[in-house]
1. Most exposed first by the Cβ proxy, i.e. fewest other Cβ within 10 Å, how do A:241, A:332, B:276 rank?
2. Given the peptides A:258-270, A:227-239, arrange them by the average over their residues of other C-beta atoms within 10 Å, most packed first.
3. Average partner chain C-beta neighbours within 10 Å, per residue of B:308-318?
4. Is the C-alpha gyration tensor of the range B:369-447 telling us rounded, prolate or oblate? Criteria: a/c under 1.5 is rounded; beyond that, a/b larger than b/c is prolate, otherwise oblate.
5. Summing -39500 (n - 2.57) over the DSSP H runs of n ≥ 4 in chain B and dividing by its residue number, what mean residue ellipticity at 222 nm do you reach, to the nearest 500 deg cm²/dmol?
6. At a Förster radius of 35 Å, what calculated FRET efficiency corresponds to the Cβ-Cβ distance of residue A:20 and residue B:357, to the nearest 0.05?
7. If I fit a long axis through the Cα atoms of helix B:116-126 and take the longest principal axis of the Cα atoms of chain B, what angle between them do I get, 0 to 90°, rounded to 10?
8. Between the range B:162-232 and the range A:116-178, how far is it from one alpha carbon centroid to the other, in angstrom?
């Protein structure tokens, strides 16, 4: 690695202050610090520091997303090929695994590339114009966005959604750490409201649906919303052999990611636990009411379908947009679960509620924190009053 | 017992190179330095000129804002350097020491027979006053104030900390005399917190309220102990002092001289034979370093690795310090060093490292920042190492925004920069928490007073 380091050190002076390409320093340093943790030492304050940094943290989240990504690739192929007529005479014929996986991979990989190229491109532009370093936040956002989109979304729509989310969702607030709402969900909300026909219905979840006759690729929640009974078993829901956004279908794969996030402590267990709790409470209430097919949908199956698991594990736990106090996290998570199921059941036009629930609670998170912190302030003021009285 | 304090949140940073309990007398330093930046907020007014001969205990300068507070020379000798920086700010004053010290005689006194005012005057005249610091703000105490209590933490829980019970082993009498003097300065109590897991002569100190403290760092921080015993409210003042400095005050009363001898620990992974040394505050430790540290790419710190001062250049022992830590500099690159689950020579509270599997391992940490400074992103990590009933991130943000009312509400009066050292250590975004708190306290001094 010494050779690489030497080459980098050779071109580095061009990007230092006074160098030829000083303006593009953020670009150079983004690559340099990606390859090597820099030789920066502590200048003020504590002379030793924890080994963790934002790059490592963000990378852990990306790792946690990989099972869902790979499963998503396979499932895209699976959903496509199950719609095709059997090409052989053998009634037990199944399409070979690699055919299925590669079909999906070739659909998904371009989306991931578009998401990263457009998103990071904008981040670099902002970093250059503002003269600050490129933040690592987009490494996660860039992976999340394709995973929560339907497979047939045209790439230019994806690119526009990414651009909107990075500029309006994040950079206008000052970049990573300053944004109010989850950027990945902003991308999805933008696509949802701008290109509704590409984001919902019973055709969009199957790749190349327009080329296949008589596609029936409705999501489970879509089926329920039209008061029909879904034809999938609980096992299929859990394993993820169902139509849906690319990364959201397999609860098993999401749980593997969740295990990594919880083990490393990167995501808040409080948000995940209270989110599930909130959904369970709402689900039980609806089960007791039981007026429609959605209300009668067993509470525990609500946790398996739609984007609930993905949203709670990967989106609600975003530390920047979640509540920041520990007590606040319980309240915040609970209401995400609660509202997600409520929107599912009440809003016929929009069968999935987790996106709206998270965005809504993102907005309320600072308010929740305010009241939690206020109780600390009250404790302190009470102590002061007591002392003044005693004096 | 109800007086026990148990700290659950925090982090013990175990480092290689803990000082062995052997005391040697350090060879006498030829030059001593007093560094006004050790005294937060003090603008020095010199009382000496270049070339003056002075005795130990004679003042070198006083504080412009509080003229009664004098800063004395720790040794007898000749003023050989007065270094100034920008705007003629005094950087340090160097004294070439005599072969043996001659002391200014302040007279032997029994503090129990003196009035509060007499004790105060004695401490001010002899240069012992600056040892007494005030909370809030972590500045030298104002002699016209009436503190509601005086707190002494008899132990430090910081990495590689000096064991003051060992350092003061033969100075029980001096320590007790110092306590007797301090008792005269407050109408409230003198609180002495001791390490609950060990038993030392501190437990036998008379005239104080003893608190047994258990738990992880920052359990030994006096600010944390104050928070649990008698928290500081708006408008209240509490004084604090280090145990070795109590003994210096004791020696003033018993022997009539300003005897600034300290037993310091020389510790850290770069030291060949970490142990204790007897020396004097302000001493040059170059000899100790060159004899004990084979490597050159090291950082020499007066104090502990979390809160100490970088003295790699000048190597003078700070006014308040009883520890010299020497650790490797971290000015190296690490290829893909951010990759999770590798790099287990690094300590982290995050489980993307395996360090949590080996809680008793002693680490060889260097000064690498292990990343770059970023905006606040991660939440909840600061709370894990903040035992006080304070929201660290919210207080830091209020301080960065100079929002005085919010800072007050969130508890700025209860904290000192050292209480945020662990917050700074664990911060994934490498937020300079101690610096932020220090600036916030300075703002409060200016605006609220």
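Each reported figure results from applying straightforward, stated rules to the coordinates on display, with no laboratory input. Owing to the predicted nature of the structure, the values given are computational and were not obtained by experimental measurement. Heads up, the Cβs are rebuilt from the backbone with ideal geometry, glycines too, and the neighbour counts pull from every protein chain shown.
1. A:241, B:276, A:332
2. Top of the packing list down: A:258-270, A:227-239.
3. Mean shielding by partner chains, rounded to a whole number: 1.
4. Prolate.
5. Helices in chain B give a 222 nm mean residue ellipticity of -6000 deg cm²/dmol.
6. My answer for the efficiency is 0.15.
7. Once rounded, one gets 80 degrees.
8. Distance between centres, Cα-based: 55 Å.
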